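The values are calculated or read from the model by the stated rules, or taken from the named source; none is laboratory data. The structure displayed is predicted, hence computed values, not measured ones. Glycine gets a Cβ as well: all are built from the backbone with ideal geometry, and neighbour counts include every protein chain shown.
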Amino acid sequence: MRMRCLIIVLIAAFPFITTAQEKGKVRFNVGLKAGFQAVTYNDPEFDIEGYKFDTNNIQSNKIGYAFSAFARISKNKFYLQTEGAFGITNHSFDFMDEQENIDGNFIPNNTVYDLRTYCIQVPILFGYNIVERGRYGLGIFTGPRTKFVLTSLSQQNFKHFRYEHIEEVLNKRTYYWEVGMGIKISRVFLDITFDAGLNKAASHIISHDDGKIFTSSRRDNILSFSVGFIF
C-alpha cells in the first residue's frame, strides 16, 4: 500500500519536477538582427581654429545601419550575450564661424563636416528577463561595447572651411557602455539601446596643406533600434 501511494505521488509530482528542472536548465541560443543607429554627441567642444561646433545642433540628421549575429547563454531569467556586428555610422557636424560675426551675430556659411565610418562592434551584455509569459517577454540588459573602426574605409568631407585637405585622425578603437530594453513576441524581438561613449572618437584633426593640427575631444553617443530573430 505504501509503495502504491509513493508511486502515485511520484507520478502526480512528475510534471512539477520536470518544470523545475527546465527552469533551471542552461539554454544556448543564437540569432540575427538588423537596425538603425542615430548619433548624438556628449562632448560638443569641437573647434577647428575659429570654427566652433554648433551646440544647438548636437544630433546628427543622418542615420546609420547595423547588422549582427549573436549568441546567448541563459539560465532562469538571466542571460549573457555577445555578438559580432557590422555597422555603418553617418555623422554630420554643423559649425559656426566665430571669425565672421557682426554685432555679435554669426553669419551662416553652411560650414559642415560629413563623416561616414565602417566598423565592427563587439558587446558583452548581461540581461534579465523581467516578464516571461508564454510567447511574450520583456527584458533589460547592460554591458560594455567595443567598436573597431575600419579607418581606411572612412569617408570624410569638410565643406566650406578655409583650410584645404583636412583630415580627422580617427581612433581605431572606441569604447561604450550600453543599456537597453527588449520586447519579445515568440522568436521575434525588438531592441532599443543607448551607447554612451567612454573615450574620444579621434586623436586630432590635421590640415595637410598648412601642417596645422587641431585637437578633437568629441565622443559619440549612439541610439539604436533593431529587429531580430532568435533561434
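Scan S217, S224 and give me the residue that is loosely packed, with under 14 Cβ neighbours inside 10 Å and among the small types (G, A, S). Reasoning before the result, please.
Details: S224 fails: loosely packed, with under 14 Cβ neighbours inside 10 Å.
Checking each option against the conditions leaves just S217.
Being surrounded by fewer than 13 Cβ atoms within 10 Å (Cβ to Cβ), among the basic types (K, R), modelled with pLDDT of 95 or more and touching a strand residue (DSSP E or B) at 6+ places or on another chain (Cβ under 8 Å): is that true of R187 here?
On the way: surrounded by fewer than 13 Cβ atoms within 10 Å (Cβ to Cβ): yes; among the basic types (K, R): yes; modelled with pLDDT of 95 or more: no; touching a strand residue (DSSP E or B) at 6+ places or on another chain (Cβ under 8 Å): yes.
So R187 fails the test.
If a residue has to be assigned to a strand (DSSP E or B), at pLDDT 65 or above and under 23 Å from A196 (Cβ atoms) to count, how many in the range 32-71 make the cut?
Of the residues in that region, 19 qualify.
Being out of contact with any His (no Cβ under 8 Å at 6 or more places or on another chain) and modelled with pLDDT under 95 is the requirement here; does R133 meet it? Break it down stepwise before answering.
On the way: out of contact with any His (no Cβ under 8 Å at 6 or more places or on another chain): yes; modelled with pLDDT under 95: yes.
Yes, satisfied.
What do you reckon, is N199 exposed (fewer than 15 other Cβ atoms within 10 Å of the Cβ) and of a type in the set (S, T, N, Q)?
When the stated conditions are applied, N199 passes them.
Please go through the range 109-141 and pick out each residue that is within 19 Å of I166 (Cα to Cα) and outside any strand (DSSP E or B).
Correct list: N109, N110.
Within the range 200-208, identify whether any single residue is touching a Leu at 6+ places or on another chain (Cβ under 6 Å) and of a type outside the set (A, V, I, L, M), and answer yes or no.
no
Is it the case, given these coordinates, that T146 is over 30 Å from S186 (Cα atoms) and in contact with a Lys or Arg (Cβ under 7 Å, 6 or more places away or on another chain)?
So T146 fails the test.
Starting from the range 74-90, take each residue that is at positive phi and list its partners that are surrounded by fewer than 19 Cβ atoms within 10 Å (Cβ to Cβ) and assigned to a strand (DSSP E or B), counting only C-beta distances under 9 angstrom and pairs at least six apart or across chains.
The qualifying pairs are N76/N129.
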